[in-house]
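Notes follow the structure.
The values are calculated or read from the model by the stated rules, or taken from the named source; none is laboratory data. Because the structure is a prediction, the values reported are computed rather than measured. Here the Cβ positions follow ideal geometry from the backbone for every residue, glycine too, while neighbour counts run over all protein chains shown.
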Amino acid sequence: MKKFIFIFKFVNLFSLVILSFAVLYYFFYYDQIYEWESSFLRINRMITITYFVLFFFILFFLINFKFYNQVFIFIIISGTLLWIILYLLDFFKINLSFWNLSTIRTSAAILGICIISPGFTLYIMKYIKDHSNQNEKGKIFRNYHIHEGFVGIIFVIIAFLLLMTRYLLIQYEVMREELRIFLAITMVLLFLFLFSGSFLIFRDRRDIIKFKFIERREILNNNDTWTVFNPITADSIQFFKSPKVLCYPLGILLNIFSVNMLIHGTLFLPEKIFDLKNETVVLIGFILCIISSGIIGVDWYRLFAKIYPRLYQEVEQVLNGLRIEI
């Protein structure tokens, strides 16, 4: 059975990779034929980005999460370096005629932006795994525990300020043209803060409703030692409760769409087709990011079980024991 599943995944993965090269080939082929503002080219761009959204979404469930993380790191680091190098070449008017700089820049942007959401989701889960001990000094400072929901609210406020900063910067042509890299950095930071903040708010929603932001808590000398979420008490049971409906895949998918709307704007949803201005698309992406990240935050435990099945079984054993005692 395992051999059959492996062959099935390999065939699908190989087919998707071949299809990806074909999609990119025709994207750049038509890019040379049609004018930049043509409706056909805008539709072609939307189809290409949508394909890679689906590609990295399917890849998230098709390959090993550790390998996906390695792919994510490679694409992000190489893409960022390429973007900086190409920006500097363009800024200093250095023309390398033997390289198609526009093709390289566009490919790096599409791949990097489409993988950033599922890749960052893995990092959020890894952070939870590595920093879930309530006795950590990072969570308890002089006996005061800072709830993650409060941190999430601060992150969302920072994201909102970055959005306002962007609206101010785009008023100046020099920022839209020569210094556009700062706009790109602003939007990437906006997404990261908004994703993290919304995730933390919805994950810690029960404490937020009770207005638990900062509370005094003594460092516990707990004899029970578990790999994660130490200590686990009867009050923790609700924290690990998943919604009845599987929803984190939808959250990840919508989140990938949201980051593309935030950064690509009408290059993702063509203005001539959807009758939406660039800033309207960006605002929709901002709202959609809050909703989609919140969905992942609500269903975080089911996603954690998928990524770390052994740790999930350990936690479930502890929780089952607490449920019996109650």
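Among the residues of region 182-192, is any in contact with a helix residue (DSSP H, G or I) (Cβ under 7 Å, 6 or more places away or on another chain), over 26 Å from residue 63 (Cα atoms) and modelled with pLDDT under 80?
The answer is no, given that none of the residues of region 182-192 is in contact with a helix residue (DSSP H, G or I) (Cβ under 7 Å, 6 or more places away or on another chain), over 26 Å from residue 63 (Cα atoms) and modelled with pLDDT under 80.
Going by what's in this entry, would residue 73 be described as of a type outside the set (D, E, K, R) and surrounded by fewer than 16 Cβ atoms within 10 Å (Cβ to Cβ)?
When the stated conditions are applied, residue 73 passes them.
Report, by residue number, each residue of region 43-72 that is hydroxyl-bearing (Ser, Thr, Tyr) and touching a Pro at 6+ places or on another chain (Cβ under 9 Å).
Within region 43-72, just 68 meets the criteria.
Go through region 197-212 and report how many residues are surrounded by fewer than 22 Cβ atoms within 10 Å (Cβ to Cβ) and part of a helix (DSSP H, G or I).
So the answer is 5.
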